[in-house]
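Working notes for the structure below.
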Amino acid sequence: MTLLGTQHRFKNRSKPSLELGDLLVAYLEQLNVDYVFGIPGGAIEPLYNALARSERRGGPKPVVSRHETGAAFMADGYSRNSGKLGVCCSTTGPGATNLVTGVASAYENHIPMLVITAQTALTSFGRGAFQESSCTGVNTVALFESCTKYSTLISHAEQFENKLSAAIIKAFQEPMGPVHLSVPVDVMRASSGLEAPSFNLPKLLHKPSTLDDIAVSELYEALNQAKKPVFLIGDEASEAIGTILTLALKLHAQILVTPHGKGLVSPYHPLFKGVIGFAGHRSAQQVLEDKEVDLVVAVGASLGEWATNGWDTGRLLNSRLIHVESSESNFIRSPMAKLHVRGRLETIFEKALAHYEADIANNLKLIGDEEHQEGTKLERHFELEDVAAYYSDDTPIKPQRLMRELPKLFPPNTRYLADTGAGFAWATHYLHPYDRRIAGRRDAHGGLFRAALEFASMGWAIGSAVGTALARPGDPVVCITGDGSILMNGQELTVAVQQNLVVVFVILNDAGYGMVRHGQRLTGAEQIGVDLPFVDFAAVAQAMGAKGLVIESPEDLLSIDVESICSDPGPTVLDVRVDPEEVPPIRLRTNALKKIP
């Protein structure tokens, strides 16, 4: 059809055609996306105009971050906890380059995210326009190619729908991840020639329940024959975690988690033996060292360095491993496994559970079928490294004691996020929320503990806590971070203030980069570059409009008014002056560093 014909086709329509910015927002509305995270600017103004119109009618609305990296972290947290597409945007030039760290983090952690960056007008390309980032300037399309699944320039309005649809479909394809569209200001402002979206994206994104019946039968047969099976749970097992735990209970299989999978399994589950890998538990290692363990089923675990004790072939990456994934890309880290099972995880484990129940109906002998009741006893079945510090009444407060008390203080539905640094190590090892769920179906986004390890960006938890709180209204959010991270990204606290979000920022204040400091000591490196000036973060929080409290002792911690913190709108900062001499549980990591030639 000619351009003239296209114009004639829409000439007599009662509604005006949508600008591309409005068309983009209409597609986000189709996907039930609530928020777009970013910072406005001249070149991205047409999108913000569309968001203003959208917000007035109750559609997707903007949340303005203080730095574009924070916007990407917020979109990450929103997506993890809602299951929806995370969306972030920026203006051209430095706005786009500022997004890169947050987008790279989402890429490494398989977060579906749409990244929209602006460009100067097409007619100005190559002429040295203000903040030009086209192919003749700082090429942001090329820049994002290394940390997204799809990165492209929209050069004509006619491309927009097809490229947007292609991008969003790719974002949700396994392995999921961020996608990037670069849109010049004149293109974003152009008319789409449409009154409404042409495509039904929810229908296009529907995933059939794929299943390899032969592989699932082999998985079940291996489980049935195993004398002492173990389940290893990663964070990507989220959608099937209830069914997995039900099957583990029936088979009396011991349960381990990777650091990323920690929030999916109750610390008080009768079969849970702890976290493997970085900051993990000795009891978890002992399970893998047990010669009687003849089968390890890893589910939704990418099996990177921090999840495998530095690619430990003796305990984990060997021929007794079965690796179950929704994406075959994770199999590149387990070529030695005896069996690889790919498909929709929920479908795989429902089928395996159906095999078990059919065998029960046929009175076949199985490993066991003892029933466990949720919440009968809250006992840990794994070992902590330093029990004395965990119960210590000393001042300054021990980080171990802090982690012990947080779940006792905050409600059971609290979401915990841990930043990269010593805080993550302390939380992984010593923070154990009072999760009573033992088996059965649950919210697929119900993990109570989250981290972002692979790219391991400092400050991720600060922005992600904002996105988490927006995705889970009614659930308190506790962000465990350090003074180094808060000095790097703490400005995002004011977003929580502006949005009246119940987020508690727990800052481990030791006047230094704690993990680096202790890492240098443990590896025998020079002690350099680890000291920070002392900062009164409670006072900083109050200056920003948040509540700020100083915690120096266990008594201070136990005296805080948690009910008020969780019921009053707005964030709270706990400036926790921790004992800087306590060594975090990072020896597995430092031992690996010492082996590097």
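Values in this text are rule-based calculations from the coordinates and carry no lab data. Everything numeric here is computed off the predicted structure, so don't read it as measured data. Please note: Cβ atoms are built from the backbone with ideal geometry, for glycine as well, and neighbour counts cover all protein chains shown.
At a glance:
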quantity	calculated
Dimensionless Rg/Rh of region 387-595 - Kirkwood Rh, Rg from C-alpha atoms	0.95
Where Rh is the Kirkwood radius over Cα pairs, Rg/Rh for region 191-318	1.14
Approximate spin-label separation Lys338-Tyr391, in nm, with each point projected 7 Å along Cα-to-Cβ	4.2
Rounded Å value of the spacing that divides the Cα centres of region 474-530 and region 168-182	30
Rounded to 5, percent antiparallel among DSSP beta bridges of the chain	5
Computed Rg/Rh of the chain, alpha carbon atoms with Kirkwood Rh	0.99
Region 16-205: projected area of the alpha-carbon convex hull, averaged over directions, in nm²	9.4
Calculated over region 108-267: convex hull of Cα atoms, volume per residue (Å³)	159
Residues Ile44, Ile528, Ile438 arranged by fewest to most Cβ contacts within 10 Å	Ile528, Ile438, Ile44
DSSP-assigned coil residues among GluC sites (Glu not before Pro) in region 272-336, each with at most 10 further Cβ atoms within 10 Å	Glu292
Scattering profile of region 492-548 at q = 0.21 Å⁻¹ [log10 I(q)/I(0), Debye over alpha-carbon scatterers]	-0.80
Neighbour-count ranking [beta-carbon atoms within 10 angstrom, fewest first] of Tyr416, Tyr48, Tyr430	Tyr48, Tyr430, Tyr416
Trypsin sites (Lys or Arg not before Pro) within region 192-292: DSSP coil, no more than 12 neighbouring Cβ in 10 Å	Lys227, Lys291
Burial ordering of Trp311, Trp460, Trp426, fewest other beta-carbon atoms within 10 Å first	Trp311, Trp426, Trp460
Debye intensity ratio in log₁₀ form over the Cα atoms of region 23-131, taken at each q of 0.10 Å⁻¹	-0.27
Loop trypsin sites (Lys or Arg not before Pro), region 53-154, which have at most 10 other Cβ atoms in a 10 Å radius of their Cβ (DSSP)	Arg57
Distance cut-off 17 Å, percentage of C-alpha pairs in region 292-351 lying past it	35
Estimated inter-spin distance, Asp212 and Glu555, nm [label 7 Å along Cα→Cβ]	6.2
